[in-house]
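Right, one structure below, let's go through it.
Where a number appears in this text, it was derived from the coordinates with a stated rule and is not lab data. All of these numbers come straight from a predicted model, not from anything done at the bench. Ideal geometry is used to build each Cβ from the backbone, glycine not excepted, and the neighbour counts take in all protein chains shown.
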Amino acid sequence: MEQKAKSWTKTELQVYILLLCANADNEETEAELDMIRSKVSAETFDKIYKEFSNDSEEKRLKKIDRNVHEHTYSNMELIAFRREVYEIFFSDCSFTMMEKRLDWTLDNILY
């Protein structure tokens with residue numbers, strides 16, 4: 001019998017999604033990771049980063065989809081979160097095709 005996965009807090013979900021954005025072009029830069037680290041405690045970052053590193057892309061998207069639907073977000077929260085997503089995407093001054101694809105996928109999950 002498969003055990004139900006533990007739900008994340010909004011903050012943990014945010015970190016996981018931002019890590020996915022940083023990894024969209026298959027390269028997490030130190031600047032991207034520092035940006036994410038600055039938003040949460042070291043303990044939270046380390047916990048979520050370890051989990052993220054062990055998941056496949058498909059599993060990552062499934063976890064995000066499941067957890068997004070367990071929380072309620074206001075329009076202002078979504079706008080602020082999307083701003084953070086774009087900060088990660090544009091931290092290297094480019095917006096690659098893979099990042100655009102992930103952006104579209106996240107739009108479908110979040111909205």
Work through the residues other than Lys100 whose Cβ is under 11 Å from its Cβ and net out their charges, Lys, Arg +1 and Asp, Glu -1. -3
Residue by residue, what Karplus-based ³J(HN,Hα) values in Hz, rounded to whole numbers, does the range 11-17 have, using 6.51, -1.76 and 1.60 with θ = phi - 60° and x for Gly and Pro? 5, 5, 4, 4, 4, 4, 5
Can you compute the helix-only [θ] at 222 nm over the chain? Use -39500 (n - 2.57) per DSSP H run of at least 4 residues, normalise by all residues, nearest 500 deg cm²/dmol. -21000 deg cm²/dmol
Exposed-loop-free span, longest in the chain, where GluC sites (Glu not before Pro) count as exposed if DSSP calls them loop and at most 14 other C-beta atoms lie within 10 Å: 28-69
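Which order results if Tyr49, Tyr86, Tyr111 are arranged by neighbouring Cβ count within 10 Å, fewest first? Don't skip to the answer; put the middle values down first.
Numbers: Tyr49 17, Tyr86 14, Tyr111 9.
Going from sparsest to densest Cβ surroundings: Tyr111, Tyr86, Tyr49.
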Could you give each residue of the range 29-43 its phi-based ³J(HN,Hα) in whole Hz, using Karplus coefficients 6.51, -1.76, 1.60 with θ = phi - 60°, and x for Gly or Pro? 7, 4, 4, 5, 5, 5, 4, 5, 4, 5, 8, 9, 5, 4, 4
Excluding residues fewer than 8 places away in the same chain, name every one of the lysines whose C-alpha is closer than 16 Å to that of Lys47. Lys6, Lys10, Lys39, Lys63
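At most 11 other C-beta atoms within 10 Å and a DSSP loop state: those are the exposed trypsin sites (Lys or Arg not before Pro) I care about. Give me the longest piece of the chain that has none.
Details: sites that count: Lys4, Lys6.
The segment 7-111 is the longest one with no such site.
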